[in-house]
Amino acid sequence: MPNALLTSSMAVTAGRGKELNSMLKGKHLTTSQLAMLAKEVEEMAQALSANSNVVLEVVPQGLRILLQDSMDNYMFQRGSSTLTPFFEDMLYELAPILGQIRNRLVISGHTDNTHFHSSAYSNWELSGDRALVARQFLVDSGLPETNVLQVAAMAERMLLDEQDPRNGQNRRIELMILTPEADAQLAMLFGKGGSGAPEGKAIQQAHQYAEANRPVSRLEAMVN
């Protein structure tokens, strides 16, 4: 019997979105395969005239997709978590592409260093609200809910342009498409696992890493 969530996602994305080839579709992608996925996302950005708003980087942990402001296009209304039509179009096209693979992702929100006058709402809340809004729009556009592992607020703590802290590049949403190994390690860090990543070498390595770095009490050291 088809998975209900997958069937629903297919219905939402039918007739749009780039169809991935069989080497990528329906699989947990490795680092080299994520590099192929990056080319697909780059083509999507070009079709939307969003080259200056999308930065792609393959790192050991997976594929890092930076969706950022530019001089011509903002992702959100300034000082709020309201999506602009431009960014809605981008997420609408990106969701079915990411929904065709099994890798989970982390979504993080980042602001520039402009601060609010009110202490009741800060860049922490703004970056978190924006990341949550982006997650919800991706899900509404066809990304399975189970594909999102974590949503994080980063405020202005990770500026890309430290020389110009108010540069639009610093206002961004980052999507980290995790390799199975990175997924397993993150799952071990925050819980007992159950990542949905394939069992085997990745899980074993994560367990070994966690065990090797487990704090040892003074009593254990004396006994051993």
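The values are calculated or read from the model by the stated rules, or taken from the named source; none is laboratory data. Worth saying up front: this structure is predicted, and the values here are computed from it rather than measured. Quick reminder, even Gly has a Cβ in these numbers, built from the backbone with ideal geometry, and neighbours come from all protein chains shown. Note: areas computed on protein heavy atoms with side chains; ligands, DNA, RNA excluded. Shrake-Rupley method; radii C 1.70, N 1.55, O 1.52, S 1.80 Å.
If Gly142 satisfies every condition in (1) more than 19 Å from Lys18 (Cβ to Cβ); (2) touching a residue at least 12 places away in the same chain (Cβ under 8 Å); (3) not in a helix (DSSP H, G or I) but one, which is the exception?
If we test Gly142 against (1) more than 19 Å from Lys18 (Cβ to Cβ); (2) touching a residue at least 12 places away in the same chain (Cβ under 8 Å); (3) not in a helix (DSSP H, G or I), just (1) comes out false.
Here are Gly79, Gly62: which of them is open to solvent by less than 70 Å² (accessible area, probe 1.4 Å), at pLDDT 95 or above and either at positive phi or not aromatic (Phe, Trp, Tyr) (or both)?
The conditions single out Gly62.
Among what's in the range 134-190 and is open to solvent by less than 30 Å² (accessible area, probe 1.4 Å) and among the hydroxyl-bearing types (Ser, Thr, Tyr), pick the residue that is nearest to His115 (Cα to Cα).
Per the stated criteria, the residue is Ser141.
List every residue pair whose Cβ atoms sit under 7 Å apart, with the two residues 6 or more apart in sequence or on different chains, where the first one lies in the range 63-90 and is in contact (Cβ under 8 Å) with a residue 40 or more places away in the chain and the second, anywhere, is among the hydroxyl-bearing types (Ser, Thr, Tyr).
The qualifying pairs are Ser70/Ser52; Tyr74/Thr84; Met75/Thr84; Phe76/Thr82; Phe76/Thr84.
From Leu56, Leu29, grab the single residue that is among the aliphatic types (A, V, I, L, M), open to solvent by less than 70 Å² (accessible area, probe 1.4 Å) and under 19 Å from Gln150 (Cα atoms).
Working: Leu56 fails: under 19 Å from Gln150 (Cα atoms).
Of the residues listed, the single one that is among the aliphatic types (A, V, I, L, M), open to solvent by less than 70 Å² (accessible area, probe 1.4 Å) and under 19 Å from Gln150 (Cα atoms) is Leu29.
Out of all the residues in the range 69-87, is one or more closer than 17 Å to Thr179 by Cβ and part of a helix (DSSP H, G or I)? Break it down into steps so the answer makes sense when it comes.
Kept after step one, since they are closer than 17 Å to Thr179 by Cβ, are these residues of the range 69-87: none.
Checking the range 69-87: not a single residue is closer than 17 Å to Thr179 by Cβ and part of a helix (DSSP H, G or I).
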